[in-house]
1. Work out the length of the dipole vector of region 166-237 about its Cα centre, built from +1 on the beta-carbon of each Lys and Arg and -1 on the beta-carbon of each Asp and Glu, and round it to the nearest 20 debye.
2. About the Cα centre, and with charges only on the beta carbon of Lys, Arg (+1) and Asp, Glu (-1), how big is the dipole of the chain? Nearest 20 debye, please.
3. Leaving out same-chain residues fewer than 8 places away, which lysines sit with a Cα under 18 Å from that of K233?
4. Please sort 227-237, 16-26, 187-197 by packing, taking for each peptide the average over its residues of neighbouring beta carbons within 10 angstrom, highest first.
5. Relative contact order for region 98-237 using alpha-carbon pairs under 8 Å, separation at least 6, rounded to a whole percent?
6. What FRET efficiency do you get for A144 and D47 if R0 is 35 Å and r is their Cβ-Cβ distance, rounded to the nearest 0.05?
7. With θ taken as phi - 60° and the coefficients 6.51, -1.76 and 1.60, list the Karplus ³J(HN,Hα) couplings across region 75-86 in order, rounded to whole Hz; mark glycine and proline as x.
8. Between R164 and E231, what is 0.36 nm times their sequence separation minus the Cα-Cα distance? Round to one decimal in nm.
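Every number here is computed from the coordinates shown, using simple stated rules; none is lab data. Please read all numbers here as calculations on a predicted model, not as lab measurements. Here Cβ is always computed from backbone atoms with ideal geometry, including for glycine, and neighbour counts include all displayed protein chains.
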Amino acid sequence: MVKLGVNVDHVATVREARGITEPDPVAAAVLAELGGADGITVHLREDRRHIRERDVRLLKETIKVPLNLELAMAPEILDFALEIKPHSATFVPEKREELTTEGGLDVIAGHNRLEPVIRRFQEAGIVVSLFIDPDPEQIEAAAAVGAEFIEIHTGRYCDAADDRQMKEEFALIEQASICAANCNLKVNAGHGLNYRNVGPIARLPEIRELNIGHAIIARAVYVGLERAVAEMKSRLP
Ligand code: PXP
């Protein structure tokens, strides 16, 4: 069974649009769990544009499923993560001006910075995943730096302009997931997945978990979060 990690960042985005306390991503996480989420993901960005420390603390105390914290290599965020000890940490690149995470980590260039941080997290009992593009060289670098999981960036597959490009991008993800399994890495995937494009990715045999946010929260506006999560779950094998 492929697991569904639900990213509730965009609930916090709506809250921050008003600078008040509602809607609460912690309440949303509880509803996502009721809808069948196997995990909850949040991204504590350096600019705190959606998720805040308070959310991560309360989520850690509240939810019953594993908490996955996405983070960049910023010292204060690393210290906070080590204090909170989420079930897993997914390292992502971060640019202040981007609308959302745009590309995968450059693990080859970042090896020397990543290695000691990954070791510290693992010693603290946190499972480490690296968000990378479907690129065999980056995958081999992720194995070499000591990560246990990778999350393959599905953004280019999701944003493909036509069927031909989508097939090409899918082939890259398929090859990348085989390459990762051969490197003894466990494989997750995510970014841009929605109710229409999730099927082929979910059916790749190496994929363990998909992290999906925007499509689920967008549908939840119409049908409610519990149902939106359950409908996404029903599309996973
Ligand atoms: N995985 C990672 C590493 C991400 O940064 C994001 C976006 O926050 C997602 C998955 C979820 O992407 P989306 O909101 O497009 O489903």
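1. For region 166-237, the charge dipole is close to 220 debye.
2. 700 debye
3. Straight-distance partners of K233: K3, K64.
4. Ranking the peptides 227-237, 16-26, 187-197 by packing returns 187-197, 227-237, 16-26.
5. 19 percent
6. The value I calculate is 0.65.
7. Rounded to whole hertz, the list is x, 5, 6, 4, 4, 4, 4, 5, 6, 6, 6, x.
8. So the chain would gain 21.4 nm between R164 and E231.
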